[in-house]
2 protein chains.
Amino acid sequence: MPTDKNIDLTISDGHASAPPKAAKKILDVAYDLFYRRGIRAIGVDEIVKRAGVTKPSLYRSFPSKDELAASYLRQYDLEYWERFDEAVAAHPGDPRAQLKAFLTRIGKRTQVADYRGCGMTNAAVEYPDHSHPARVVSEANKQELRRRLRAMAVAMGAQDPDTLGDGLLLLIEGAYISGQLFGLGGPAQSVARNADLLIEASLKK
Amino acid sequence: MPTDKNIDLTISDGHASAPPKAAKKILDVAYDLFYRRGIRAIGVDEIVKRAGVTKPSLYRSFPSKDELAASYLRQYDLEYWERFDEAVAAHPGDPRAQLKAFLTRIGKRTQVADYRGCGMTNAAVEYPDHSHPARVVSEANKQELRRRLRAMAVAMGAQDPDTLGDGLLLLIEGAYISGQLFGLGGPAQSVARNADLLIEASLKK
DNA sequence: AGGTATACGTACCGATCGGTAACATTGTCA
DNA sequence: TGACAATGTTACCGATCGGTACGTATACCT
């Protein structure tokens with residue numbers, strides 16, 4: 001059940017009514033630390049220290065560390081679909097090109113030292129318990145990803161759209177993980193090419 | 001550098017010289033708990049409690065919790081290649097069938113509630129620091145996996161063996177991750193079929 | 001039986017974990 | 001100027017973290 005504590009994450013754009021400034025700083029810092037080093041690895045003390053605030057401030061805006069982690073992932077979710085929709089908007093009516101754009105971008109992102117993969121995926125690994133607030137957000141994100149990929153497989157005219165959509169999801173998740181496992185020059189750089197091969201092999205003849 | 005503390009993990013087969021029995025119990029329990037719930041999530045107290053031993057016993061056999069985690073992964077590594085080699089041995093001289101057997105097995109393993117994916121992959125997510133003892137084992141395991149998959153891609157006569165090998169690795173990692181993300185009925189069940197499609201599309205004509 | 005090495009248990013360490021109580025300070029708008 | 005909301009300050013809580021000093025039991029060999 002959602003509390004009413006941390007819902008006002010409206011961006012303070014200059015002069016509008018935007019009281020809670022500490023909450024944003026906390027969430028920004030938590031976002032960065034949780035993503036780069038892992039949720040379990042980061043204590044609330046380090047978050048408040050780096051954010052230049054104090055612990056009571058954190059707990060006035062967020063009911064618990066677990067809920068702060070969930071808020072981090074909700075923010076991650078927003079930005080995730082922003083990137084996804086960008087790739088989609090770049091190639092209207094051409095799902096195959098949309099996918100290629102999205103995957104090319106992922107492949108590039110993985111080719112950097114200390115790449116940390118997908119925050120959603122990582123959170124699910126850290127919290128196997130399905131009832132954990134962070135994992136709930138993560139699973140919802142992945143369900144939506146699966147739904148979109150399958151829909152695109154239909155739009156591409158695949159022989160077996162569900163299988164192709166799922167195959168693309170496997171490639172994407174594999175890119176997230178192997179990106180952080182292998183670093184530069186790893187298998188993730190080939191995700192777009194492999195996806196294209198898989199698509200080609202999955203279309204109706 | 002390897003210490004000489006935890007090297008005698010020889011199985012005590014009845015009457016041979018096998019003094020340290022506590023070490024095996026500890027490693028067995030740690031294996032189960034680390035895999036199912038995560039390394040960071042499990043404290044040494046719970047391990048010794050479930051193993052029916054005491055904490056000093058743990059630290060006589062393992063220099064630290066981090067090294068215990070590394071030992072867990074070394075054991076995991078052994079069993080991993082056992083399964084891999086089983087699939088290989090089942091189809092001598094037929095890498096495509098070997099792969100299919102291996103992937104079918106993975107696909108089946110993922111289709112169970114509370115599937116927890118690959119212990120190696122999970123450990124790497126939990127410990128982004130490349131110098132962490134557990135991660136060192138994990139990365140070595142994945143490098144070896146990549147090497148084998150690329151070699152099999154060569155043996156299958158792929159047009160671009162490195163790309164195919166890496167594509168297969170992406171599918172496998174994707175299966176591990178999405179297996180624990182989606183549970184029953186998830187995308188991981190299609191890993192073998194998608195791999196076969198990808199192979200088909202990657203062979204020389 | 002006695003000595004000796006090896007394994008094990010009790011009790012404890014300082015540090016850090018997530019979280020809170022009570023109160024002082026600030027900034028904002030009417 | 002007053003009122004209110006947001007933030008800061010200080011100090012604290014019990015629980016758990018990884019790790020250890022030190023005494024006790026057990027097994028083996030002579």
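Readers should treat all values here as calculations from the given coordinates under stated rules, not as data from a laboratory. Model, not experiment: these values are computed from the prediction. Methodologically, a virtual Cβ is constructed for each residue, glycine included, from the backbone with ideal geometry; neighbour enumeration extends over all protein chains shown.
With both labels modelled 7 Å from their Cα along Cα-to-Cβ, the A:Asp32 to A:His130 distance reads 3.7 nm. Each peptide in B:58-70, B:116-128 was scored by the mean count of other Cβ atoms within 10 Å over its residues; highest first, the order is B:116-128, B:58-70.
Database remark: amide H of A:Leu203 closer than 5 angstrom to the amide H of A:Gln159 (H placed geometrically; neighbours at sequence offset of 5 or more, or on other chains; Pro and chain starts carry no H).
For a straight C-alpha distance cut-off of 19 angstrom, the aspartates and glutamates reachable from A:Lys24 (same-chain residues fewer than eight places away being disregarded) are A:Asp4, A:Asp8, A:Asp13, A:Asp32, A:Asp45, A:Glu46, A:Asp66, A:Glu67, A:Asp77, A:Glu79. Cross-link check: pairs B:Lys25/B:Lys65; A:Lys21/A:Lys65; A:Lys49/B:Lys55 evaluated at a Cα-Cα cut-off of 26 Å; pairs beyond the cut-off: A:Lys49/B:Lys55.
Listed peptides A:161-171, B:92-102 appear in the order A:161-171, B:92-102 once ranked by packing, highest mean of other Cβ atoms within 10 Å at the front. For the range A:49-140, the alpha-carbon radius of gyration amounts to 1.35 times the rule-of-thumb value 2.2 N^0.38 Å expected for a compact globular protein. Take each residue of peptide A:118-127, count the partner chain Cβ atoms within 10 Å of its Cβ, and average: the result is 5. For chain B, the percent of C-alpha pairs falling in each 5 Å distance bin, counted from 0 to the bin holding the largest distance, reads 1, 7, 14, 16, 17, 14, 11, 9, 6, 3, 1, 0, 0.
Shielding of peptide B:160-166 by partners, expressed as the average count of other chain Cβ atoms within 10 Å per residue Cβ, is 4. Other protein chain C-beta atoms within 10 Å of residue C-beta, averaged over B:34-46: 2.
The charge dipole of chain A, taken about its Cα centre with unit charges on the Cβ of Lys, Arg, Asp and Glu (plus for the first two, minus for the last two), comes to roughly 340 debye.
Pairs of Cα atoms under 8 Å, at least six residues apart: use those to get the relative contact order of the range B:61-142, whole percent. In percent, rounded to a whole number, it is 36. Size descriptors for the protein assembly as shown (Cα atoms only): Rg and Dmax, in that order, 22.7, 81 Å.
Treating r as the C-beta distance of A:Tyr59 and A:Gln143 and R0 as 35 Å, the FRET efficiency rounds to 0.70.
Which aspartates and glutamates have a Cα lying under 18 Å from the Cα of A:Lys204, excluding residues fewer than 8 positions away in the same chain? Counting by Cα, and skipping residues close in sequence, A:Lys204 has these aspartates and glutamates nearby: A:Asp94, A:Asp160, A:Asp162, A:Asp166, A:Asp196, B:Asp196, B:Glu200. Charging the Cβ of each Asp and Glu at -1 and of each Lys and Arg at +1, and nothing else, the dipole of the protein assembly as shown about its Cα centre rounds to 220 debye.
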